[in-house]
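The values are calculated or read from the model by the stated rules, or taken from the named source; none is laboratory data. Quick caveat, the model's predicted, so the values are computed rather than measured. Cβ atoms come from the backbone with ideal geometry, glycine included; neighbour counts cover every protein chain shown.
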Amino acid sequence: MPLPPIAINERKLDEFLDRALGDIGAALSAALVVIGDRLGLYRAMAGAGPVTPSELARRTETAERYVREWLANQAAGGYLAYDPATRRYSLPPEHAAALADETSRSFLPPVFQIVTAAMKAESRVAESFRTGAGLDWCDADPALLADRERLLGAAGESRLAARIIPALDGVEAKLRRGARVADVGCGHGAATILMAEAFTSSHFVGFDRREEAIASARRRARQSGCEDRVRFEVARAHDFPGAGYDLVTCFDCLHHIVDPGGAARHIRRALASDGTWLVLESRAHDRVEDNLNPIGRVHYGASTMLCAPCSLAADGPALGAQAGESRLRRTVFAEGGFTRLRRALETPFDVVLEARP
């Protein structure tokens, strides 16, 4: 059905079309970033100086015709530099840190992997709009949990040990002396194992409701060589076993939890009298209008495609990735009986909250 006649400001229409064109190019290029990571194209260019399509194809054992188109796309998006005089492409060192160095705190390919995996679930999420039903991450795409784990990567160790844990009051000293830690919603165990590797006098247990995630975490623990101080069990956030924990952690999972208020009450009971609950969540302001920026756009997009459907799949409240600190205080921490809550650390993307009874 055609829209009723309305006055059109042609300048504003052109501005919007330019913005939409940029989004179309970005959407198509997301898959090409994943391909560049998977095939080692970025790694082959890092520190190698300017290359031709045929040189890069030989180094990576790929087809030159595809590499030629990929390089041109990446240069058009500003990810690569192009010299028309020599017809060579190069990867600036700053871009290499974000695209080729898996130990870098700025490593981006896992984010693009999550984006492309989320796109595969578009038709099912659209159906959920009609029915109100949920969609678990694993049902959306089995690779999503592994992609999420990769976000920690080798850079996660320095981030956890050098920034997040030290930001908490007195927690680092406890971990170095020897503490008991529960990592709730541990997924495949990346953060749990990183903490166990960094704090060798402490003991860690990771809990997740997904059996396949726990099986993967146990394999990773064996490979890491820290089985003597880390274990994994299938359990939910509101009934995991144990008590007297010095630290309970929830890394980017509180808004997925089926019963976040019930989880908060259980975590308070499971903590030692002087214990700490560490919650890492997406950085968000409390009002929608304050989140209308590029970071908010990313988080609202992830929340619509992944976070809210995942919570609804388990009959959760779908807090969303942009719940905001005030809402979390009212709906989760207060219900759990946590009287002391402070923002321990803030990054452009995340916030670390420290809660105590």
Practice task
Kindly indicate whether any position in the stretch 67-79 is in the same structural domain as P309 (by TED's automatic domain parsing) and either free of Cβ contacts under 8 Å to residues at least 24 places away in the same chain or touching a strand residue (DSSP E or B) at 6+ places or on another chain (Cβ under 9 Å) (or both).
Solution key: no
Exercise for the section: Would you be able to tell me the number of residues in the stretch 276-298 that are at pLDDT 95 or above and either of a type in the set (S, T, N, Q) or farther than 30 Å from P357 by Cβ (or both)? Expected result: 1
Exercise for the section: For the stretch 1-46, enumerate the residues that are surrounded by 11 or more Cβ atoms within 10 Å (Cβ to Cβ) and not in a helix (DSSP H, G or I). Expected result: L39, G40, A46
Practice task
Go through (1) assigned to a helix (DSSP H, G or I); (2) touching a strand residue (DSSP E or B) at 6+ places or on another chain (Cβ under 8 Å); (3) farther than 21 Å from G185 by Cα; (4) not aliphatic (A, V, I, L, M) and name the single condition G301 misses.
Solution key: (2)
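Examine the stretch 149-159 for a residue that is part of a helix (DSSP H, G or I) and more than 26 Å from E354 (Cβ to Cβ), and state whether such a residue exists.
Looking for residues that are part of a helix (DSSP H, G or I) and more than 26 Å from E354 (Cβ to Cβ), one finds at least one in the stretch 149-159, hence yes.
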Exercise for the section: Considering only residues that are surrounded by 19 or more Cβ atoms within 10 Å (Cβ to Cβ) and of a type in the set (S, T, Y), look in the stretch 269-291 and name the one that is nearest to the chain's Cα centre (by Cα). Expected result: S282
Practice task
Show the residue pairs that are 6+ apart or on different chains and have beta-carbon atoms under 7 Å apart, the first residue being within the stretch 151-174 and modelled with pLDDT under 95, the second being surrounded by 13 or more Cβ atoms within 10 Å (Cβ to Cβ) and assigned to a loop (DSSP other than H, G, I, E, B).
Solution key: G153/E102; G153/F107; A154/E102; A155/S104; A155/R105; A155/F107; R159/R105
Fill in the blank from the handout: Just one listed residue, out of P309, P317, is touching a helix residue (DSSP H, G or I) at 6+ places or on another chain (Cβ under 7 Å), part of a loop (DSSP other than H, G, I, E, B), on the phi < 0 side of the Ramachandran plot and not charged (D, E, K, R), and it is P317
Practice task
Please find, among D183, D246, the residue that is surrounded by 24 or more Cβ atoms within 10 Å (Cβ to Cβ), touching a residue at least 60 places away in the same chain (Cβ under 8 Å) and not polar (S, T, N, Q).
Solution key: D183
Practice task
Could you please give the count of residues in the stretch 235-279 that are within 25 Å of S303 (Cα to Cα) and touching a strand residue (DSSP E or B) at 6+ places or on another chain (Cβ under 9 Å)?
Solution key: 18
Handout entry: Residue, surrounded by the most Cβ atoms within 10 Å (Cβ to Cβ), within the stretch 52-102, restricted to residues that are within 16 Å of L39 (Cα to Cα) and β-branched (V, I, T)
Key = V67
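A quick yes/no check of all residues on (1) surrounded by fewer than 14 Cβ atoms within 10 Å (Cβ to Cβ); (2) of a type in the set (A, V, I, L, M, F, W, C):
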| position | (1), (2) |
| --- | --- |
| N293 | yes, no |
| V298 | no, yes |
| A313 | no, yes |
| P317 | no, no |
| G320 | no, no |
| E325 | no, no |
| F338 | no, yes |
| L345 | no, yes |
Completion exercise
Of (1) in the same structural domain as T276 (by TED's automatic domain parsing); (2) assigned to a helix (DSSP H, G or I), A97 fails just (1)
Practice task
Kindly check whether there is at least one residue in the stretch 270-278 that is outside any strand (DSSP E or B) and over 23 Å from R130 (Cα atoms).
Solution key: yes
Fill in the blank from the handout: When restricted to H188, H238, H255, H266, the only residue surrounded by fewer than 18 Cβ atoms within 10 Å (Cβ to Cβ), outside any strand (DSSP E or B) and touching an Asp or Glu at 6+ places or on another chain (Cβ under 9 Å) is H238
